[in-house]
1. If neighbour count is taken as other Cβ atoms inside 10 Å, put Y84, Y194 in order from fewest to most.
2. Taking only the alpha carbons of the stretch 158-273, what extent do you get along each of the three principal axes, in Å, biggest first?
3. Cα-based Rg of the stretch 4-170 per 2.2 N^0.38 Å, rounded to two decimals?
4. From the alpha carbon gyration tensor of the stretch 197-376, can you work out the equivalent ellipsoid semi-axes (sqrt of 5 times each eigenvalue) and give them in Å, largest to smallest?
5. Mind checking the angle between helix 330-339 and the chain's longest principal axis? C-alpha axes, 0 to 90 degrees, to the nearest 10.
6. Counting other C-beta atoms within 10 Å, which of I103, I298 has the fewest, and how do the rest follow?
7. Rounded to whole Hz and in sequence order, give me ³J(HN,Hα) for the stretch 169-183 from the Karplus expression 6.51 cos²θ - 1.76 cosθ + 1.60, θ = phi - 60°, writing x for Gly and Pro.
8. Per Stokes-Einstein, at 20 °C and 1.002 mPa s, what whole-number D in µm² s⁻¹ belongs to the stretch 84-148, with the Kirkwood radius over Cα pairs as the hydrodynamic radius?
Amino acid sequence: MIKTAVFGGSFDPVHIEHINIAKACVKELGIERLIVLPTENPPHKRAAETPFGFRAEMAGIAFSEVAAEIIVDETERENDGVNYSAENLPKLKKKYGDFVFVIGGDSLDAIESWKNPEFIVRNFQIAVFNRTGYPDAQKKADELNEKWHGDIKVMKYVGKAVDSHGIRDRLYLQERADGVPPKVKEYINSHNLYSRFDGYISKAKGFLDEKRFVHSKNTALAALELNRAHKLGVDYDKVLLAGLLHDVGKKFDKIPLSCDMEDIPADSLGTPVQHQFVSAVIVRDDFHITDDEILNAIRYHTTGRENMSALEKIVYCADLVSSERDFDGVEELRAALADDFGSGFLKCLTYSRDYVLKTGRTVYPLTDKAINYYKENL
């Protein structure tokens, strides 16, 4: 009998670690046939952004270099509603016979929250791959094998810290996306995938010098990662756009004639914080973005304020710790944000205030009010 594995994922986009995992299955498990299962409406993860057909074709291209028979299965597209492994795995068994179900250590850790997990563990052989930065899955595998008499094996291969989320962020921002196989990148380009922000990016270039443009994209990337890492739940598009466009008013020493002066506080004129208010007006009037959450995140990204929204906090912090920043203390701020977003945010506010004082400048009133507010309301 042909030894078969089923490997599911959003593949949005498929990347080199997906291929390495498949190759490890061939080497370690003796797999001769790989069923690639693009997901559609998974119950435990956000649905893929790219349409199923494109992701299926990308998977077919990428996995073609694996030394096994490759079948891209469309079972999940054919189903209505949410897809559950407990319902799909028996269907796949009818089609292909016995197989090894390949999952990541994070999925194994969460499997008891899935629908009918005992049924899955008792009835299907499972191969688990660890990933760099995640706990070893062996303890969980041993626990479930004993609890439900399963056949869960942890593979020797440990996946590198590459993920589709970060790659997708960079593709949307027209940044180099390491980890995408060349043929998949060609497919992405030829089908104009991950391009829905291109108009905003092109227009932003007209308002930003090269250094500021790099910073703006890095701020967007940092903001997206903060939102994801801390499960803050802010809309993806709002995070990206607020991060990308937060500084479009930076180059204007004088207020552009197109700006309504009612939108620019008089006490900000000629100060380093003037640009946050100008940027918000430009984004509203020139980029035609009227969403108040986005505009406020831009409007207060330098000073902060009392009772900020999650998006405002995200952009405030991302602006300060974006990847090109190298000032003394930035690593401490990054570490604080990684450990706890709330307290890290307050440290960012306090650092900014203290830096302004060290330079001998006057702290804008909104900043002091924000710090006092968050000391009481973290």
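We did not get these values from a lab; they are worked out from the coordinates using the rules stated. Computed from a prediction, not measured in an experiment: that's the story for all the values here. Note that each Cβ is placed from the backbone with ideal geometry, even for glycine, and that neighbours are counted across all protein chains shown.
1. Ascending number of Cβ neighbours within 10 Å: Y84, Y194.
2. 56, 32, 23
3. Rg over 2.2 N^0.38 Å, computed on Cα atoms: 0.96.
4. Numbers: eigenvalues 105, 78, 47 Å².
Those come to 23, 20, 15 Å.
5. 50 degrees
6. Least to most surrounded, the residues fall as I103, I298.
7. 3, 5, 5, 4, 9, 6, 9, 4, 10, 5, x, 8, x, x, 5
8. Translational diffusion coefficient: 174 µm²/s.
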